[in-house]
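Okay, so here's the structure we're looking at.
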Amino acid sequence: MRENLERLKLQVASELEAVESSAELDALKVKFLGKKGELTAILKQMGKLSAEERPVIGALANDVRKFIEDNIALRSEIIAKAELEERLKAEAVDVTLPGKQKELGHSHPMTHLLDEICDILIGMGFEVVSGPEIDTEYYNFTALNHPAGHPARDPQDTFYFNDEVLLRTQTSSVQARVMENRKPPIRVIAPGRVYRKDEVDMTHSPMFHQVEGLVVDRNITMADLKGTLDTLFKRIYGNDAKIRFRPHHFPFTEPSAEMDLQCFACHGEGCRVCKGEGWIEMLGCGMVHPRVLEMCGIDPNEYSGFAFGLGTDRMTMTRYGVNDLRLFFENDIRFLKQF
């Protein structure tokens with residue numbers, strides 16, 4: 001056994017010199033010190049020794065075990081340092097190399113135009129306000145003078161959660177909230193998303209964007225409304241932009257009008273974009289109905305106001321000469337890169 005232990009010691013020293021990785025070192029440790037290792041196999045023969053030999057061979061075996069463990073630990077440190085150096089070399093970064101060019105994104109064309117509209121109106125003295133997209137029937141309809149049974153309340157046109165809660169169909173719902181909590185003079189705009197059960201086509205979508213404008217003060221007239229919109233559209237489309245007002249009816253304004261922009265595709269001759277009309281409907285507007293003012297706690301005998309709600313999606317179409325609204329919602333990078 002003494003010879004076997006001495007030979008094992010020399011074998012360990014020889015094999016350790018050839019070990020170059022942590023995995024190889026672990027395998028060598030199992031080979032010599034594991035439960036089925038060579039040192040264990042030698043120690044199992046201790047029962048055959050005499051009582052006088054056992055202490056001597058036991059002490060020698062302990063020395064051999066310590067020799068193996070110490071040399072494995074020493075080799076482990078050497079291998080760990082070598083592996084760390086190799087990893088650092090592999091992961092080294094040359095800071096003198098030029099950086100990789102990253103492509104920067106930009107705002108969506110609809111967002112870009114919406115920001116421009118807000119900037120123009122802010123420059124005209126308007127303040128930006130917001131309201132909830134999930135609103136109550138009261139603020140979306142009742143506070144805007146929609147009588148019971150009005151077609152706009154029909155579930156065929158409006159997304160209802162229940163009898164009282166719905167997805168707002170217009171940013172006009174912000175009107176009542178503002179007028180309930182502020183005293184005139186009021187000059188605000190409310191940009192945001194609105195929802196209606198419209199069929200998807202070239203100029204319609206069930207989710208679209210509006211900007212609601214509201215002014216309430218003494219001596220506000222229809223001329224103030226027309227001047228505001230004329231200035232806004234000429235700032236956006238240029239001084240050659242042609243607009244027209246048509247009499248219309250909205251429950252929350254009186255008198256009411258719709259404003260059209262001459263079709264960018266056919267310049268008034270009629271085409272499939274404008275459905276042969278030569279004009280594209282851009283917004284509804286009018287003088288705030290006295291009953292709406294009264295329901296919000298504002299005296300209609302002292303104050304008057306105007307309101308308008310413009311669709312920024314169609315304005316984006318006309319601004320950039322795009323004839324299909326669906327292109328803006330498909331998120332095709334090839335299309336969006338053009339803006």
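The values are calculated or read from the model by the stated rules, or taken from the named source; none is laboratory data. Note that the coordinates shown come from a computational prediction; the quantities given were computed from them, not determined experimentally. Here the Cβ positions follow ideal geometry from the backbone for every residue, glycine too, while neighbour counts run over all protein chains shown.
Could you figure out which of (1) over 21 Å from K197 (Cα atoms); (2) free of Cβ contacts under 8 Å to residues at least 12 places away in the same chain isn't true of A148? Just one mismatch for A148, condition (1). Taking the criterion of being of a type in the set (V, I, T) and either over 59 Å from the mean Cα position of the chain (by Cα) or at pLDDT below 75 (or both), the residues of segment 24-79 that qualify are T40, I42, V56, I57, V64, I68. Restricted to segment 243-294, and to residues there that are aromatic (F, W, Y) and within 26 Å of F141 (Cβ to Cβ), the residue that is surrounded by the fewest Cβ atoms within 10 Å (Cβ to Cβ) is F245.
The residue pairs whose first member lies in segment 269-283 and is closer than 13 Å to R244 by Cβ and in contact (Cβ under 8 Å) with a residue 24 or more places away in the chain, whose second member is surrounded by 15 or more Cβ atoms within 10 Å (Cβ to Cβ) and of a type in the set (V, I, T), and whose beta carbons are closer than 7 Å, counting only pairs six or more residues apart or on different chains, are I280/T318. Among the residues of segment 249-292, just one is touching a Phe, Trp or Tyr at 6+ places or on another chain (Cβ under 6 Å) and charged (D, E, K, R), namely D260.
With the requirement that a residue be farther than 17 Å from F233 by Cα and either without any contact (Cβ under 8 Å) to a residue 12 or more places away in the chain or of a type outside the set (D, E) (or both), what does segment 119-131 give you?
Quick first cut of segment 119-131, residues farther than 17 Å from F233 by Cα only: 127-131.
Answer for segment 119-131, where residues must be farther than 17 Å from F233 by Cα and either without any contact (Cβ under 8 Å) to a residue 12 or more places away in the chain or of a type outside the set (D, E) (or both): V128, V129, S130, G131.
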